[in-house]
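Working notes for the structure below.
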Amino acid sequence: MARDDTAALLEQQIPALRRYAYALVRDPDAADDLVQDCLERALSRWSLRRPDGELRAWLFAILRNLYLDRYRQLVRRGRHVELDTDMMAQPATQEAGAEMGDVLAALQQLPEEQQSVLLLVGVEDFSYEEAARALGLPVGTVMSRLSRGRSRLRAILENGRGPTLRRVK
Amino acid sequence: MTAGEAPIGEDDLQAWIDGRLLGPRLAQVEAYLDEQGGVRERAATDRRLREALRTRLAARAAEPIPARLRIAHLRAARHAGRLRRLRAVAAAVGLFALGGAAGWGAAAWRGAPGGAPQPPSAAVARDAARAYRVFVVEVAHPVEVAASNEKHLLQWLSKRLGRPLAAPDLTRFGYRLMGGRLLPGGAGAAAQLMYEDGGGRRLTVYAQAAKGDETAFRFREEGGAATFVWIDQGFGFAVTASLDRDELLPIAEAIYKQGWPERARS
């Protein structure tokens, strides 16, 4: 495949990769670091990629693996402590604003596996099958994580800020 | 529900939230949600949260792509970085002057006659693994010149090779330099530097002249010894240890990436 085609195929995916990375780490520079590493890895392994239709699932899988490698400790510990300052910095003034503003922060309280399913399916419009391939899971597992993740997200936002401020040390 | 319809399940509700139901199934799920007010309320909330999350993140995807993420930029940086690192490693591990080393101990080490042709990286990996196996178990004289005499070791090898020589720093992996030796290898000479960690595990870094094009890392495992090998500018480089591939790879990458061009050029 010509180099220009490769570049075009990859660059089409960059906006979505940046969005997913940002949703995971919520730091624009750290997110772009992950995307950069993901693209570098994709370039160096271009000959090993899955067939064309799978490019997106392949790239998101690389990005997620980089994230898990780099943030494993953080992911395992939970992110509540880090969330505190962030949550308190944006007080919820209106009801609608609270739901809208906090939804990303609330997402961060879910286990990473549920976060990723909600992001790939709900934000990136992956089909359930495509999400399953990107995450290396059976479709049934994707569906159950989607269901559990959405219930949990709803509970966090409906129950207000109590669980958000829970400290894990 | 009429006969023959599958009962509404959690998967249907998720697909409804994602707006992925069509035709009769959508109608069935809508009818179900009309009957089950509480379920509809929760599903509708999930749908709103889904939208809220999309809205919250939309700006990230709408931003122009920063220059550092453009593929052309990454390719250029990758190419430049690769050449720079390879030169640094080549110099650091001991880039032999081809003229100086030529003819020295060459004939006997051309490889077995009649064997299938192997890529040069395979020959380097084989020689590196052999040298590893011979000397890594050595108790009395694992190295020819010890690291306590590092300055002399490197001066001596540099003099023999006609090139300045430095040793990769692997302390962040817990490995310290024990010393090194000069060996016959490939069509000329080879250098072996040996490292040891606190638990007595040893690792070797090896270099010899090699024909062939540049290669990326190649991995080989033989007799319990794992080797990463790569070829650059007429030389093959290898790192060998009794480690898993995943344990050895970051060490190989560190050697590959350790750029001390200033030090190497001095």
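Table for the structure above
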read-out	value
Pairs of alpha carbons in the stretch B:10-62 whose separation is greater than 18 Å (percent)	37 percent
Net length gained if the chain between B:K151 and B:F217 were fully extended (0.36 nm per residue, minus Cα distance)	20.8 nm
Theoretical gain in end-to-end length, B:E253 to B:E10 [0.36 nm per residue, Cα-Cα removed]	82.8 nm
Packing rank of B:23-32, A:13-22, A:119-128, where each peptide gets the mean count of other beta carbons within 10 Å, highest leading	A:13-22, A:119-128, B:23-32
Virtual spin-label span in nm between A:L68 and B:A76, 7 Å along Cα→Cβ	3.6 nm
Å² per residue, accessible surface of the stretch B:10-62 at 1.4 Å	51 Å²
Label-to-label distance, nm, for residues given as B:T55 and B:V137 (7 Å Cα→Cβ offset)	7.1 nm
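The values are calculated or read from the model by the stated rules, or taken from the named source; none is laboratory data. These numbers were taken from a predicted model, which means no experiment stands behind them. Glycine gets a Cβ as well: all are built from the backbone with ideal geometry, and neighbour counts include every protein chain shown. Surface areas here come from the heavy atoms of the whole protein model, side chains and all, with no ligands, DNA or RNA. Shrake-Rupley method; radii C 1.70, N 1.55, O 1.52, S 1.80 Å.
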